[in-house]
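The values are calculated or read from the model by the stated rules, or taken from the named source; none is laboratory data. Everything numeric in this text was worked out from a predicted model, so none of it was measured. Neighbour counts run over all protein chains shown; Cβ positions are idealised from the backbone, glycine included. We work out accessible area using only protein heavy atoms, side chains counted, and drop any ligands, DNA or RNA first. Shrake-Rupley method; radii C 1.70, N 1.55, O 1.52, S 1.80 Å.
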Amino acid sequence: MKSAIIGGTGCQAMAGKDAQRSTVVTPYGETVVFEKQHGDDTLYFALRHGEGHRVPPHLVNYRAIIAALKQLGVSQAIGIYAVGSITSMVLPGNLGLIDQFIDFTGGQRQSTFFTGGDAGVQHIPMLTPYSKRLRAAIAKEAARLEIPICLKGTYICTNGPRLETPAEIAMFRRWGGDYVGMTAATETTLANEAGIDFAGLVYSINWAAGLDAEGLSFIEDEIMQRIVDRMTLLASGAFSSLDR
Ligand code: HPA
């Protein structure tokens with residue numbers, strides 16, 4: 001089976017040194033992927049902010065990333081997202097699985113493959129944006145690896161790159177948001193449109209604006225790196241358990 005992990009903030013070293021790097025050309029632009037072979041199975045890694053973390057969330061070419069994975073034959077993927085905590089569902093330093101999102105990006109991004117014309121007008125359902133099968137495999141793998149993880153939560157996706165005002169965060173909380181980030185809704189929508197079985201894993205790196213008496217503070221880089229390493233292990237372990 002062909003699987004993929006899409007990483008963001010803190011994920012630069014995710015693929016490891018022994019992965020094979022290649023550039024994939026798609027109708028939407030080029031993207032770089034890293035490939036690792038596990039017997040008959042292939043695991044691809046993509047960095048949504050690019051090598052060197054140079055592309056901000058509102059300028060990521062989400063369509064090129066998802067189209068590249070589709071072209072490579074990827075059938076299942078896990079997105080990894082840094083977030084700020086709005087509720088205690090996922091506390092800073094902790095992990096969670098997304099089960100719903102609210103898209104607050106404002107419609108300025110290229111967030112669909114469905115652009116009409118010969119293909120006609122298409123609407124993807126969003127009742128279950130995240131794969132039950134993948135989420136169950138991640139939960140099982142987390143239990144096996146003894147990694148604490150929250151199994152549900154609602155992700156608020158802002159356009160960024162600016163962070164939120166405390167008033168916005170108070171509103172998101174009333175809406176039922178548990179954490180906030182700038183990428184998952186767009187990526188999830190495109191993965192669903194492409195027919196890729198998809199799950200979203202979050203890790204919180206701060207309390208969102210207005211919730212920390214000290215102002216905004218982020219977990220240390222070293223701690224973030226440790227969490228990302230565990231998430232990569234968790235995601236690849238979940239794929240292996242399904243491939244077996
Ligand atoms: N807001 C938006 N995106 C984020 C945050 C935040 O507080 N933390 C990490 N990604």
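Listing for the model above:
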item: Packing rank of 46-54, 143-151, where each peptide gets the mean count of other beta carbons within 10 Å, highest leading; result: 46-54, 143-151
item: Charge dipole (the range 174-244, unit charges on Cβ, about Cα centre) - positive-most of Trp207, Gly181, Gly195; result: Gly195
item: Span from the the range 129-192 Cα centroid across to the the range 202-237 one, whole angstrom; result: 13 Å
item: Protection proxy ranking of 199-211, 90-102 - average other beta-carbon atoms within 10 Å, highest first; result: 199-211, 90-102
item: Three-way shape label, the range 89-220, alpha-carbon gyration tensor, a/c 1.5; result: oblate
item: The chain: relative contact order in percent, alpha carbon pairs under 8 Å with at least 6 residues between; result: 27 percent
item: Note, ³J(HN,Hα) from phi for the range 229-234, Karplus 6.51, -1.76, 1.60, rounded to Hz, x at Gly and Pro; result: 4, 5, 5, 5, 4, 5
item: Charge dipole (debye, nearest 20) of the range 2-241; +1 at Cβ of Lys and Arg, -1 at Cβ of Asp and Glu; result: 340 debye
item: Extreme residue, positive dipole direction of the chain, given options Met231, Leu72, Met171 (C-beta unit charges); result: Leu72
item: Where Cα atoms sit under 26 Å apart: lysine pairs in the range 2-241 separated by 8 or more or lying on different chains; result: 15
item: Charge dipole (debye, nearest 20) of the range 16-141; +1 at Cβ of Lys and Arg, -1 at Cβ of Asp and Glu; result: 160 debye
item: Distant-in-sequence amide H partners of Gly93 (H built 1.01 Å from N, under 5 Å); result: Ser204, Ile205, Asn206
item: Percent accessible area from carbon and sulfur atoms, the range 2-241, protein chains only, probe 1.4 Å; result: 52 percent
item: Listed residues Phe45, Ala137, Leu97: farthest to the positive end of the dipole of the chain (Cβ charges); result: Ala137
item: Among 10-16, 119-125, the order from most to least packed when residues are scored by Cβ within 10 Å on average; result: 10-16, 119-125
item: At R0 = 30 Å, FRET efficiency that the Cβ-Cβ distance of Thr128 and Leu211 yields, to 0.05; result: 0.55
item: Accessible area expressed per residue, the chain, with surrounding protein chains retained (probe 1.4 Å, Å²); result: 47 Å²
item: Cα-only radius of gyration and Dmax that characterise the range 2-241, units Å; result: 17.0, 55
